[in-house]
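A.B. asks: First the structure, then my questions, so here it is.
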Protein chains: 2
Amino acid sequence: MRRLAIALVHHPVLDGTGAIVTTAVTNLDVHDLARSARSYGCTDYFVAHPIAAQRELVQRILSHWTEGSSGRRIPDRREALTVLRIVDSLTAAVEALGGREAVEIWVTAARALGPALAFGDARGRLEGEGKAVLLVFGTGWGLAPSVLADADALLEPIRAATTDYNHLSVRAACAIALDRLRGAR
Amino acid sequence: MRRLAIALVHHPVLDGTGAIVTTAVTNLDVHDLARSARSYGCTDYFVAHPIAAQRELVQRILSHWTEGSSGRRIPDRREALTVLRIVDSLTAAVEALGGREAVEIWVTAARALGPALAFGDARGRLEGEGKAVLLVFGTGWGLAPSVLADADALLEPIRAATTDYNHLSVRAACAIALDRLRGAR
């Protein structure tokens with residue numbers, strides 16, 4: 001079974017007009033993705049933000065749950081946050097996993113942006129042996145084209161069987177993606 | 001295909017010691033579960049809270065997205081929130097769906113609490129004809145025993161294939177449950 005890590009990217013991502021922006025950290029993204037990552041056996045959850053003050057905010061949230069009173073109150077939460085790694089860029093996350101040659105980057109998007117890897121096939125690939133896989137999620141309106149261009153695979157968009165409407169939060173999309181890739185079947 | 005609705009219950013739920021409590025509303029629960037519900041074709045997302053001031057808070061969040069500037073900025077978000085219904089209890093949610101005889105109540109729990117309905121079987125039941133199904137999620141440490149006792153089915157706990165650790169947020173658990181029940185396969 002291959003090593004699986006996730007990354008949440010705050011730059012470069014798109015805004016609603018298609019411009020490339022940097023988004024602010026959302027408190028619950030820190031907890032929720034850590035909890036999902038830990039529950040599905042990911043070794044790392046990288047929060048990537050280029051602004052030092054925003055990385056310090058994430059560090060404060062982390063400390064609250066690992067060293068503060070809330071960590072004592074909810075030990076399972078503390079356990080989840082052990083997978084959190086704070087980095088300044090997606091490149092730094094890749095370096096932490098051994099460098100670009102050691103990692104397969106799988107990107108996600110809410111819309112169909114090109115030839116995509118089906119979740120069933122991706123699940124099979126993860127069960128075999130091979131490079132570590134870094135599953136990348138964008139904030140805002142999604143990952144910038146430069147991130148997509150450097151990826152080894154684009155996962156298919158998440159869709160319901162019953163409707164074409166899709167406006168999932170990144171917290172929901174990450175949970176569903178991990179369950180499709182590693183949920184008990 | 002049967003009608004599917006979800007409910008998020010703030011009372012009666014358990015705290016970390018097993019006592020029955022009322023939890024506070026979490027802002028992002030309002031958006032995230034609405035977005036997941038709408039994306040998976042649920043007709044209704046009931047937020048159940050016994051305290052009027054907390055229901056008014058949910059109404060203010062709803063109005064912000066449906067009538068305020070944010071609704072104009074993100075029309076998909078406004079669309080998601082059209083499924084939101086604010087009620088004072090789970091009983092009121094059941095009444096809104098036609099009353100106890102017209103509804104099957106399916107409850108969820110993070111732990112194995114008894115004989116459970118497997119997601120695959122539940123998915124099949126939803127594809128057929130029958131009563132409306134109300135899928136119920138608890139806040140805090142989960143639904144109180146009285147809610148479980150009145151249910152028609154308990155869904156199996158969500159588990160990964162790779163680990164027994166489970167500490168998903170309700171936002172993640174709801175998204176995964178809906179994807180297992182109604183995701184494209």
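A.B. asks: Please determine whether any residue of segment B:70-80 is touching a strand residue (DSSP E or B) at 6+ places or on another chain (Cβ under 6 Å), closer than 30 Å to residue B:127 by Cβ and not β-branched (Val, Ile, Thr).
C.D. replies: no
A.B. asks: While we're here: Quick one: count up the residues across segment B:148-163 that are more than 13 Å from the chain's Cα centre (by Cα) and closer than 18 Å to residue B:173 by Cα.
C.D. replies: The total comes to 11.
A.B. asks: Applying the selection to segment A:96-110, what residues are in a helix (DSSP H, G or I) and of a type in the set (A, V, I, L, M)?
C.D. replies: Scanning segment A:96-110 gives A:96, A:102.
A.B. asks: Further, regarding this structure: Of all residues in segment A:157-178, which are in a helix (DSSP H, G or I) and among the basic types (Lys, Arg)?
C.D. replies: The answer is A:171, and nothing else.
A.B. asks: Which of the residues belonging to segment B:136-181 are surrounded by fewer than 22 Cβ atoms within 10 Å (Cβ to Cβ) and among the charged types (D, E, K, R)?
C.D. replies: Selection gives B:150, B:152, B:156, B:159, B:164.
A.B. asks: Surrounded by fewer than 22 Cβ atoms within 10 Å (Cβ to Cβ) and more than 13 Å from chain B (Cβ to nearest Cβ): does that describe residue A:133?
C.D. replies: Against the criterion (surrounded by fewer than 22 Cβ atoms within 10 Å (Cβ to Cβ) and more than 13 Å from chain B (Cβ to nearest Cβ)), residue A:133 does not qualify.
A.B. asks: Just one of A:148, A:154, A:113 is within 25 Å of residue A:49 (Cα to Cα), away from chain B (no Cβ under 14 Å), in a loop (DSSP other than H, G, I, E, B) and in contact (Cβ under 8 Å) with a residue 40 or more places away in the chain; which is it?
C.D. replies: A:113
A.B. asks: Let me ask something else about it. Touching a Cys at 6+ places or on another chain (Cβ under 6 Å), modelled with pLDDT of 95 or more and more than 25 Å from residue B:124 (Cα to Cα) - does that describe any residue in segment A:137-155?
C.D. replies: The answer is yes; a qualifying residue exists.
A.B. asks: I'm checking my understanding of the structure. Among residues of segment A:70-98 that are at pLDDT 95 or above and surrounded by fewer than 17 Cβ atoms within 10 Å (Cβ to Cβ), which one is farthest from the chain's Cα centre (by Cα)? Reasoning before the result, please.
C.D. replies: At the first step, the residues of segment A:70-98 found to be at pLDDT 95 or above are A:83-98.
When the remaining residues are screened for being surrounded by fewer than 17 Cβ atoms within 10 Å (Cβ to Cβ), the result is A:88, A:91-92, A:95-96, A:98.
Details: A:88: 14, A:91: 14, A:92: 14, A:95: 16, A:96: 15, A:98: 18 Å.
So, considering only residues that are at pLDDT 95 or above and surrounded by fewer than 17 Cβ atoms within 10 Å (Cβ to Cβ), the one farthest from the chain's Cα centre (by Cα) is A:98.
A.B. asks: Among the residues of segment B:48-63 satisfying the criterion of being surrounded by 17 or more Cβ atoms within 10 Å (Cβ to Cβ) and of a type outside the set (A, V, I, L, M, F, W, C), which is nearest to residue B:144 (Cα to Cα)?
C.D. replies: Taking the candidates together, the pick is B:49.
A.B. asks: Let me ask you something else. Given the conditions (1) assigned to a helix (DSSP H, G or I); (2) facing chain B (nearest Cβ under 10 Å); (3) buried (at least 19 other Cβ atoms within 10 Å of the Cβ), which single one is not true for residue A:120?
C.D. replies: Tallying (1) assigned to a helix (DSSP H, G or I); (2) facing chain B (nearest Cβ under 10 Å); (3) buried (at least 19 other Cβ atoms within 10 Å of the Cβ), residue A:120 fails exactly one: (3).
A.B. asks: I'm told residue B:76 meets every condition in (1) assigned to a helix (DSSP H, G or I); (2) touching a Phe, Trp or Tyr at 6+ places or on another chain (Cβ under 7 Å); (3) among the charged types (D, E, K, R) except one. Can you identify the failing condition by its number?
C.D. replies: (2)
A.B. asks: Within segment B:7-39, how many residues turn out to be in a strand (DSSP E or B) and in contact with a helix residue (DSSP H, G or I) (Cβ under 9 Å, 6 or more places away or on another chain)? Spell out the reasoning first.
C.D. replies: Here is the first cut: in segment B:7-39, the residues in a strand (DSSP E or B) are B:7-9, B:13-14, B:20-21.
Still in the list and also in contact with a helix residue (DSSP H, G or I) (Cβ under 9 Å, 6 or more places away or on another chain): B:7-9, B:13-14, B:20.
Selection size over segment B:7-39: 6.
A.B. asks: Of all residues in segment B:168-185, count the ones that are in contact (Cβ under 8 Å) with a residue 40 or more places away in the chain and either facing chain A (nearest Cβ under 7 Å) or among the basic types (Lys, Arg) (or both). Talk me through it step by step, then tell me what you get.
C.D. replies: Pass one, segment B:168-185, residues in contact (Cβ under 8 Å) with a residue 40 or more places away in the chain: B:168, B:170-171, B:173-175, B:177-183.
Adding the requirement that they be either facing chain A (nearest Cβ under 7 Å) or among the basic types (Lys, Arg) (or both) leaves B:168, B:171, B:175, B:179-180, B:182-183.
Total meeting the criteria: 7.
A.B. asks: Output the residues belonging to segment B:52-85 that are in contact (Cβ under 8 Å) with a residue 40 or more places away in the chain and away from chain A (no Cβ under 14 Å).
C.D. replies: The answer is B:54, B:85.
A.B. asks: If you don't mind, there's one more thing I want to ask. Of these, B:142, B:138, B:128, which one is on the phi > 0 side of the Ramachandran plot and touching a residue at least 40 places away in the same chain (Cβ under 8 Å)?
C.D. replies: On inspection, the qualifying residue turns out to be B:142.
The values are calculated or read from the model by the stated rules, or taken from the named source; none is laboratory data. All values derive from a computational prediction rather than experimental measurement. Here Cβ is always computed from backbone atoms with ideal geometry, including for glycine, and neighbour counts include all displayed protein chains.
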